[in-house]
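Have a look at the structure below before the remarks.
Readers should treat all values here as calculations from the given coordinates under stated rules, not as data from a laboratory. All of these numbers come straight from a predicted model, not from anything done at the bench.
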Amino acid sequence: MKVLNFKEGSMRGLIDQLQELVGGNYHKQLFTVNSKYLKCKIRYFQLHPGLEVSTNSYTFDEDTKIVFKGDKESQRYLCFRFSYTGDLVKSKISEQPELSPSGGMIAYDTTVSTEILIKKGFHYQWVGVRIKRNILENEEHLFKEFLGDFFSNDKGQEWLIYDNIPLETHVLLKDTFAIDETKPNLVINPLLVAKASEMLSIFYDRILSRSHKITSKNLHSEDFEQLMKVKDYILSSLDYVPSLEELAEMYGYSVSKLRRDFQQVFGTSVIKFHLNYRLERAKILLASEANNIQNISRMCGFKSSSKFSFYFKKKYGITPKEVAKRYQSNLL
């Protein structure tokens with residue numbers, strides 16, 4: 001497997017590193033690579049020094065591991081990735097990368113080392129937002145008041161937050177990658193910023209509404225890597241959810257540490273995370289596919305459509321039938 005290594009930092013810095021590794025051209029906010037090994041297109045826009053937005057599309061001709069090495073010395077950024085196709089924080093390359101209609105959304109500090117495992121021939125797309133530390137520390141943004149001081153220099157203060165992509169973000173991603181590229185940047189840039197801003201708003205709202213509040217950040221890159229393996233195993237089957245005890249034994253945790261660390265990153269318990277993933281997946285399928293509710297409930301691991309409808313309405317306050325009617329009418 002080919003490995004590409006990057007040092008974390010600004011998005012423009014990452015583009016420059018990619019160009020050194022694989023070539024490519026950067027012109028008028030668009031970076032492209034068109035080689036046998038890689039087809040890549042990155043649209044990059046800096047709204048303000050230290051505030052970057054990008055759309056990213058990659059197709060590799062061989063399985064590839066992309067390693068982002070955390071940087072504790074340079075200016076730190078808060079990074080967001082919203083996956084449209086492909087989950088960008090999988091612990092291994094899946095034989096079925098299309099298992100999920102979209103991947104997850106993740107926020108992390110650039111001191112954290114992360115990996116992206118890319119499957120040959122599969123098209124990966126995501127929207128990225130990077131915000132420099134000094135912007136977030138502006139008191140007018142009230143970031144610390146609500147989410148704490150993620151940029152503390154104390155030992156063990158690396159952090160990462162993961163959530164499933166909800167339908168609302170999936171629709172925004174779909175619209176983002178459907179922006180007419182023939183339009184001038186003067187038209188494209190405001191659209192890109194508007195879509196990315198709405199994605200951030202949805203992500204912040206979901207984090208703030210979590211029942212498990214962020215209270216500690218004593219995790220390290222190794223912990224995050226292990227938790228992504230746990231997450232992948234949990235989502236490897238939509239019909240069965242492993243117990244906390246089973247997962248702890250498999251991945252070398254104590255039950256109490258796994259419970260605490262999992263809630264810290266994913267904001268909920270293992271059982272609820274598995275259920276929420278299935279419901280989010282079902283909601284996206286209901287909105288995007290002309291399929292009956294019974295089939296979709298089975299596709300998402302529910303043994304009966306009545307049980308599926310019960311959990312769905314309990315979470316969203318609306319029935320699956322109402323979601324399908326609302327969105328699929330727009331597909332006709």
Label of the coordinate-derived value, Rg/Rh (Cα atoms, Kirkwood Rh), listed as [x] 1.10; [y] 1.19; [z] 0.95: [z]
Calculated from DSSP helices alone, with each H run of at least 4 adding -39500 (n - 2.57) and the total divided by the residues of the chain, [θ]222 nm to the nearest 500 comes to -12500 deg cm²/dmol
Could you work out which residue, out of Leu30, Leu186, Leu286, moves most in a Gaussian network model of the chain, that is, has the largest mean-square fluctuation with Cα springs under 10 Å? Leu186
If you count the DSSP beta bridges with both ends in the chain, what percent of them are antiparallel, to the nearest 5? 90 percent
Picking from Ile118, Ile42, Ile318, which is most flexible by a Gaussian network model of the chain using Cα springs under 10 Å? Ile318
